[in-house]
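Read-outs: derived from the displayed coordinates by stated rules, not from any lab. All figures in this text were calculated on a predicted structure; none of them were measured in a lab. With ideal geometry, Cβ positions are generated from the backbone for all residues, glycine too; neighbour counts draw on all protein chains shown.
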Amino acid sequence: MNLNFPKSVPLAHLPTPIEKLDRLTKFLNGPDLYIKRDDLTGLATGGNKSRKLEYLVADALNHGCDHLVTVGSRQSNHCRQTAAAAAKYGLGCSVILSGNKPKQRLGNVLLDEILGAHIYWTNGRSRADVMGEVLHDLKAMGRLPYPIPVGGSNVIGSTSYVAAMDEFTQQLKSQHLNFDFIVLASSSGGTQAGIVLGSHIYGFSGEVLGISVDSSAEQLQTQVAALATATATHLGLDSTSVLEHVKVNDDYVGEGYAKVGEPEREAIQIMAQKEGILLDPVYTSKAVAGIIDLIRWGAFTRGQSILFWHTGGTASLSAFSHTLVL
Ligand SMILES: *Cc1c(COP(=O)(O)O)cnc(C)c1O
């Protein structure tokens, strides 16, 4: 297929490995479970935003920009990886985080500071308003800021997960693997959009299931489909509607975004104690809680093969210590 792939800069350790989860498979007594280790992308503790930033930073440099500006929640993994990417390419970095300045710098907030990002707290204002001000002030100082949307989820960021599906389908071929499902945590939708579009382009035969960590299934499905379609156009493909291939389950939002309850706690402990792999409290713990539950009530069955695509986030674990170990 003739794809119009934009340039990228190196930031992530690729390809990330696919591993079999033998002890977890045995423990849950269901389908064969595997993991794609995008928690090991390597950029200041890694995660899915490292892939997106390879394309976003290339675009920023291409436009002559000298400062990255982005937004996120208090424990944003995206902001932390953006700060690291900016450092590596000698760019300034401003991150706008929701809420008030915490008394203690923990998890990603600590790393944002170590990585040299300027942190702005919204203090109850909208992130867009604060972003507008920060961009305005930087321009007034003669800088050329490059704004990145929440989660790095635009057509440029999503392109990286189309490329990731090229990597993934090559791994399947060389390792003689195939999967009935890819399951991942989905929030701003850029990762799922790229994976769904990449499945279509590179001929992955399984389904892609996004486990929502905050939005309703309907809302996230619409968002992912729109972004996948826009990314297809951006890559020079005939606009193909992928809506029917965008599957979202919102049964595992639990108590809400960044709220840890029993299912998230159980998922984190099981993955740690059966496989020695850390999950994060905000995203991947909800996705794995979903996989565990879907196995328990028989939606995923023995004989199937399920891949959990780990998207990282473990840098925030220490900031949630009070909810993780009771
Ligand atoms: C951002 C993030 C996600 C969600 O990815 P989107 O592309 O925003 O849907 C999942 N897991 C982790 C750890 C993240 O930081």
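Below are the figures for this structure:
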item: Residue-averaged 222 nm ellipticity for the chain, from DSSP H runs of 4+ at -39500 (n - 2.57), nearest 500; result: -13500 deg cm²/dmol
item: Check: the range 49-152 dipole with +1 on Lys, Arg Cβ and -1 on Asp, Glu Cβ, in debye; result: 340
item: Inter-probe distance in nm under a simple model that places probes 7 Å from Cα toward Cβ, at residue 241 and residue 207; result: 2.0
item: Extension gain (nm, one decimal) between residue 118 and residue 216, 0.36 nm per residue minus Cα-Cα; result: 32.0 nm
item: Pair residue 324, residue 22: separation of 7 Å Cα→Cβ label points (nm); result: 2.7
item: Fewest-first ranking of 323, 169, using other Cβ atoms within 10 Å as the exposure measure; result: 323, 169
item: Note, ³J(HN,Hα) from phi for the range 23-29, Karplus 6.51, -1.76, 1.60, rounded to Hz, x at Gly and Pro; result: 6, 5, 4, 5, 4, 8, 6
item: Pairs beyond 30 Å (Cα-Cα), from 88/247; 52/101; 7/139; 49/286; 7/274; result: 88/247; 7/274
item: Reduced Cα scattering model of the chain, Debye log10 I(q)/I(0), q = 0.16 Å⁻¹; result: -1.42
item: Cα Rg, Dmax, the range 49-152, angstrom units; result: 12.6, 39
item: Estimated inter-spin distance, residue 299 and residue 140, nm [label 7 Å along Cα→Cβ]; result: 5.0
item: Nearest-0.05 FRET efficiency for residue 269 and residue 128, computed from C-beta distance (R0 30 Å); result: 0.20
item: Relative contact order of the range 154-293, defined on C-alpha pairs under 8 angstrom at six or more residues apart (%); result: 25
